[in-house]
Amino acid sequence: MSLELASIHPTRLELLRLRRRKSMAEGIVDILKRDLDALTLNLFELVKKIPPLRDKMYKTLREAYELFIEAEMISGSRKIEGVSLVAQPIDFKISEDKKKGVLGILFPILQLSEGNRVSGPRFNLLDTSANLDKSASKIKASFYDIVKLAEIEESVRILLEVMAIKKRQMNRIQFKILPQLNTAIRYIELILEETERQDAVRVRVLQRKRKERALKHA
Amino acid sequence: MCAWKYKRIMPKIAIAKLKLMEPKEIIDLAGMSLHHISSILEKTPYEAEISKIGTKELSANSLEDALLQNFIKTCEELMELSPKHIRLLLSTFLMKFEANCVKAILRAKQADLDVDEAMKYIMPVGRLGEARCRKTLEISEKVADVVESLSDMEYGSVLEKAFAVYEEEEIFYLLEIALDRHVYSKIWRAIGKLGGLDKKIARTVIGLEIDSANVKTILRCKAMEIRNYQIRRYLIPVSEVFGEKELEEVIRESDIQSFINSLVRLARNAMVRDYQYIFTE
């Protein structure tokens, strides 16, 4: 919305219309500021959840790798490698859903599930040590943390995008629309003042001429 | 047990034992690099196998293979010097490695590896030499072909029986379990042919191995909340302390603690049985 001064009708009606637009724009800025505050609060809440979850994930993975190395030490790395070739795979599936969050923004909900639930052991128990079971179950547990972390990070990304849009909208109103409206209002006010002044002079001249004409006739 | 039949083997074992590494020396290896470990192992009875490893090929896997080869070679040497029944037991014991070799071939086929890649996982041993392993891999396209190509060996018939279940349930390790069960049953039968104290010692050693494998399997299955009827399929049905029926009874225990309590009770019963055996002997 750009205002060309030349295209503005310097009328009182236009002035009133512009003033109404200005107060509306100021109202919008106010609402946007409040939205931004709400979004910032939500962002902090989400960001706060990330470090403990990430720590938990790293801890689980570290334990899983340690157990895996122990399993390799007990059974032999070649045997573990061989067993892994035929271990029953778990078909993980990630389902995505949406939930309404702050300001009605749609946040993703990622749900990790096992497509094919393996009822028995995934490999020959006689060839491997229990550490391999523990390591596999820890790796599996860490997948759930990784997906949860991805869900939060995606929510943060969406939130930051919305915040950037709101910020852009606010800046546009604050630094473009409002100054333009102010300029237009000032322009109309000046024109109207000028017109008033000219009218006043014209009235005074007419009054003076009327008086002179009256004196002549008298 | 007649000590006289061991007259050839005992001095050799005594000398070989002296050459073995001390536990402290083995512990010290833990902090060393692979090259350092390899150079130390070259001064031990593993020298012949370790020295075959090239500098570029040196890895944890190659060292592992070398040590295993040495173990198999030692078993074969002992076999030659042993009396008839002990030789039979040792040759049956070596079937464990053959079974591992068969398992590796099956795994490689299941994973659709090419021959050279598959050979990395295979340790040729006994009747399954490198040429036989390569040939089996080359002529087989699928697991079923491997089973067929092994039909001239006892593993073929064992795998054939398990193959139907494998095809139905698509659980690969059922084939591996069938092999393990067969090998342990065969070792147990070979022990049965021994006499006197030889038999008692062999039953105790192998029985302990089977029992510990079974107990570990049950504990792991319980931890994974696997159903009882499934657990039974993973057990080796020959044992010294815990028989098949006894294990089936204790499997029914709902939690690990009560399972352990039942095992302890069974172990006590077995001890009493052993003492009775010694007294009657």
query: Gap in Å between the Cα centre of the range A:106-184 and the Cα centre of the range B:19-44?
result: 49
message: If you filter the range B:43-123 for GluC sites (Glu not before Pro), then keep DSSP loop positions with at most 13 other Cβ within 10 Å, what is left?
response: B:GLU57
query: What's the extension gain from B:SER33 to B:LYS19 if we count 0.36 nm per residue and subtract their Cα-Cα distance?
result: 2.8 nm
- prompt: Given 10 Å bins starting at zero, what is the percent of C-alpha pairs of the range A:5-217 in each, up to the one with the largest pair distance?
  reply: 7, 18, 16, 13, 11, 9, 8, 6, 5, 3, 2, 2, 1, 0
message: Can you give me the Kirkwood hydrodynamic radius for the range B:93-179, using every pair of distinct Cα atoms, in Å to one decimal?
response: 12.6
Cα-based Rg of the protein assembly as shown normalised by 2.2 N^0.38 Å, two decimals: 1.80
task: Please work out the FRET efficiency for the pair A:TYR65 and B:ILE260, using the Cβ-Cβ distance as r and a Förster radius of 41 Å; give the result to the nearest 0.05.
output: 0.90
field: Helix A:178-217 axis, angle to chain A major axis (alpha carbon atoms, nearest 10°)
entry: 10
- prompt: Say the dipole of the protein assembly as shown comes from +1 at the beta carbon of Lys and Arg and -1 at that of Asp and Glu; which of A:MET24, B:GLY207, B:GLN69 then lies farthest toward its positive end?
  reply: A:MET24
query: Taking neighbour counts of Cβ atoms within 10 Å as a proxy for exposure, in what order, fewest first, do B:PHE97, A:PHE44 appear?
result: A:PHE44, B:PHE97
field: Nearest-ten-degree value, helix A:130-172 long axis tilted from longest Cα axis of chain A
entry: 10
query: For B:THR204 and A:ILE50, what is the calculated FRET efficiency with R₀ set at 60 Å and r taken between the beta-carbons, to the nearest 0.05?
result: 0.60
- line: Treating only Lys and Arg (+1) and Asp and Glu (-1) as charged, each at its beta carbon, one finds that chain B has a dipole about its Cα centre, in Debye to the nearest 20, of 1340
- request: Please give, to one decimal in nm, the separation of the simple spin-label points placed at B:ARG233 and A:LEU206, each 7 Å out from Cα toward the Cβ.
  value: 10.9
- line: Final fewest-first order of B:ASP211, A:ASP30 on the 10 Å Cβ neighbour count is A:ASP30, B:ASP211
query: What is the percent of Cα-Cα separations in the range B:174-235 that go past 13 Å?
result: 67
statement: Per-residue ellipticity at 222 nm attributable to helices in chain A (runs of n ≥ 4 DSSP H, -39500 (n - 2.57) apiece, nearest 500 deg cm²/dmol) works out to -26500 deg cm²/dmol
- request: Fewest Cβ neighbours within 10 Å first, please rank B:LEU208, B:LEU128, A:LEU112 accordingly.
  value: B:LEU208, A:LEU112, B:LEU128
- line: Semi-axes of the range B:195-281 from the Cα gyration tensor (sqrt of 5 times each eigenvalue, largest first, whole Å) come to 26, 14, 9
Stretch gain in nm, segment A:ILE90-A:GLU193, where the contour uses 0.36 nm per residue and the Cα spacing is subtracted: 29.0 nm
FRET efficiency estimate (nearest 0.05) - Cβ-Cβ, A:GLN111 to A:LEU16, R0 51 angstrom: 0.35
message: Springs between alpha-carbon pairs under 10 angstrom, Gaussian network model over chain B: which of B:TYR155, B:TYR173, B:TYR229 fluctuates most?
response: B:TYR229
statement: Note to self: Kirkwood Rh of the range B:1-82, Cα pairs, one decimal, Å, is 14.2
statement: With label points set 7 Å from each Cα along the Cα-to-Cβ direction at A:GLN169 and A:LEU103, the distance between them in nm comes to 0.7
statement: In chain B, whole DSSP H helices that both stretch 30 Å or further along their axis by alpha carbon positions and average at least -0.5 on the Kyte-Doolittle scale are B:60-81, B:196-223, B:256-280
Separation of the A:LYS33 and B:ARG8 label points, Cα + 7 Å toward Cβ, nm: 10.2
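Read-outs: derived from the displayed coordinates by stated rules, not from any lab. Keep in mind it's a predicted model, so treat the numbers as computed, not measured. With ideal geometry, Cβ positions are generated from the backbone for all residues, glycine too; neighbour counts draw on all protein chains shown.
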